[in-house]
Amino acid sequence: MMICCLMVMGGTMKAQQWETVLPDSVSISGGFINEDNTTELIGCSGNDGAYFRVFEDGQYETTTFPAPEGKQLVLQTLTPLDNGGYFISGRIMTNRSNDSGELKIIILDDNLNVVSEQTLQVAEGFLGLTDGAAVMDDDGTIVLLKTARREKPNYQGAYESRGALFRFTQSGDSLNCRYLLADPPDPICYIQQIENQKLINDPYSDQIIAVCAGQGGVQSLLYFDYDFNLTNDFFIDDISFPEIGPGWQCKHISHPYVGYWYNANEMLLVADQEDTDIYANKPHLLIGKMNREGEIIERVEINKPDTLFYAYGGMAYANDSTVYISTRCHTEGWLDPYYPCVYLVNTGLEILGKVELWDELDYYPQTVFPTSDGGCVFCIKGNSWWVEPLQKVIRFSREDFNPIPCSVKEVPQETIKALAYPNPTNGILNIPINHAEHNELRLQIFDMKGVKCFDCAITRQGDLITVDTQNLDAGMYVYRVLSGGKEVGNGRFVRE
């Protein structure tokens with residue numbers, strides 16, 4: 001086990017509190033944040049497994065776990081234990097081009113010393129294990145969901161993925177496992193592929209829920225009992241299957257993430273949603289309230305004419321008014337370069353702000369974590385095909401998220417802030433400003449889809465800004481006034 005310490009401050013500092021750049025051989029797979037805001041991350045460093053402990057000031061230390069000779073060890077899931085230690089799962093691969101391998105289990109104490117470790121072979125007929133997700137069950141055991149790869153029956157040279165569930169004690173002892181197949185004589189729902197899959201406890205029963213692609217590759221909620229018997233299987237709703245051609249089906253919902261329960265029957269869902277036409281795929285971000293049968297009963301969507309949205313990296317819940325959503329954004333019509341973005345929302349589906357990392361073109365988001373003070377830690381990785389594949393860990397405060405008018409929820413007129421007048425207006429709008437430090441101000445106006453309709457530098461004349469809104473369509477808008485790059489005023493108005 002090797003420990004080192006390094007901190008590199010980002011050269012393109014934005015509003016974040018700090019930015020740490022990890023070595024270029026590092027890749028992060030998962031982790032979490034402790035109550036003291038120490039970020040615990042796992043992944044790999046070169047061919048070895050690696051554990052990164054990033055402290056609140058951005059400094060970090062690395063603990064490495066050597067891979068077997070001629071192989072690579074990638075740590076994938078990290079679960080805190082009741083005794084203060086950690087349960088880690090990973091995979092051992094024969095080479096980097098082969099993303100499947102044996103299952104590695106490591107138990108650490110609170111000082112990151114190895115308590116026990118073991119390597120498990122895959123079941124007969126399978127080639128190896130790939131992606132993974134883990135959760136501590138209500139009975140104190142660890143449930144692990146992996147993707148198992150095998151040769152496709154009756155298709156020589158072709159491969160397919162199926163889900164596999166494992167249960168371990170907190171000391172690392174294996175209790176049971178089940179490979180989820182749809183082959184006779186086991187006609188249960190299988191997991192076709194589990195990219196961005198999630199595994200959560202059902203807090204209102206003794207079941208485990210897998211949020212992933214189930215039967216036919218459709219995004220689903222799969223309920224399993226203690227023995228991994230499938231008890232319920234629901235497609236995530238708002239999915240249609242237009243017949244575009246033989247064998248074609250259009251699936252709306254991708255990359256679903258569930259991390260917050262409203263009550264016994266409703267949970268918060270984050271995903272990206274495609275258009276119905278598979279040949280005009282224009283995904284946008286979906287944030288919705290979903291029941292336990294997969295029906296989306298309330299929603300808000302982020303959909304811009306020139307941007308494609310993918311819900312990469314998931315969701316981080318801090319409190320009812322602070323939920324961070326990690327996204328990967330593309331310019332419409334071309335996939336590269338792309339850039340990472342984090343949205344700030346609340347559980348009422350109101351979009352409160354965002355941070356776009358335009359300086360990080362060709363970086364994709366990996367995960368986002370909430371901090372105890374209401375901020376977040378954002379992990380991004382450079383695309384090795386386009387830019388140097390650096391791994392960055394960025395700390396934001398809640399105040400770093402610029403207020404934006406992206407909510408498409410209707411707001412009653414009587415709730416509109418009466419800062420600007422006349423409101424509603426059919427022409428001139430007056431905005432009082434009396435707290436600006438600079439005479440040079442900037443006024444920005446957005447519609448309710450978040451599209452910027454007006455952005456202009458204005459020289460202040462007294463304590464009032466006057467703008468002509470005749471070129472705006474009828475509807476509701478949000479304005480921001482900036483002074484020296486800082487927001488000094490915002491509000492809503494209606495253009496009649």
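Laboratory data are not the source of any read-out in this text; all were calculated from the coordinates shown. This one's a predicted model, so the numbers in the text were calculated from it and none came from an experiment. Cβ sites come from the backbone with ideal geometry, for glycine too, and all protein chains shown count toward neighbours.
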Q) For Asn83 and Glu399 in one chain, what is 0.36 nm times their gap in residues minus the Cα-Cα distance, to one decimal in nm? A) 110.3 nm
Q) Using θ = phi - 60° and the Karplus form 6.51 cos²θ - 1.76 cosθ + 1.60, what ³J(HN,Hα) does each residue of region 364-381 get, whole Hz, x for Gly and Pro? A) 10, x, 10, 6, 9, 10, x, 9, 5, 8, x, x, 8, 10, 10, 9, 10, 9
Q) What nm value, rounded to one decimal, do you get for the distance between Thr119 and Ala264 when each label is placed 7 Å out toward the C-beta? A) 4.8
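Suppose R0 equals 30 Å. What FRET efficiency, 1/(1 + (r/R0)^6) with r the Cβ-Cβ distance, do Thr347 and Leu230 give to the nearest 0.05?
Numbers: r = 30 Å, r/R0 = 0.98.
That pair, Thr347 with Leu230, gives E of 0.50.
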Q: Give me the distance in nm between label points sitting 7 Å out from Cα along the Cα-to-Cβ direction at Glu35 and Leu127, one decimal.
A: 4.6
Q | Gained length - Leu361 relative to Asn154, 0.36 nm times residue gap less alpha-carbon distance | A | 70.2 nm
Q.
Run the simple label-point estimate for Ser171 and Asp473 please: 7 Å along Cα→C-beta, distance reported in nm.
A. 6.6
Q | Extension gain from Phe55 to Val451, taking 0.36 nm per residue of separation minus the Cα-Cα distance | A | 138.8 nm
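FRET efficiency for Tyr421 and Asp373, Cβ-Cβ distance as r, R0 = 35 Å, nearest 0.05? Present the calculation step by step, with values, prior to reporting the outcome.
Numbers: r = 37 Å, r/R0 = 1.05.
After rounding, the FRET efficiency stands at 0.40.
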Q. Between Asp362 and residues 5 or more places away or on another chain, which pairs have amide H atoms under 5 Å apart, with H built 1.01 Å from N, and which residues are they?
A. Tyr338, Tyr339
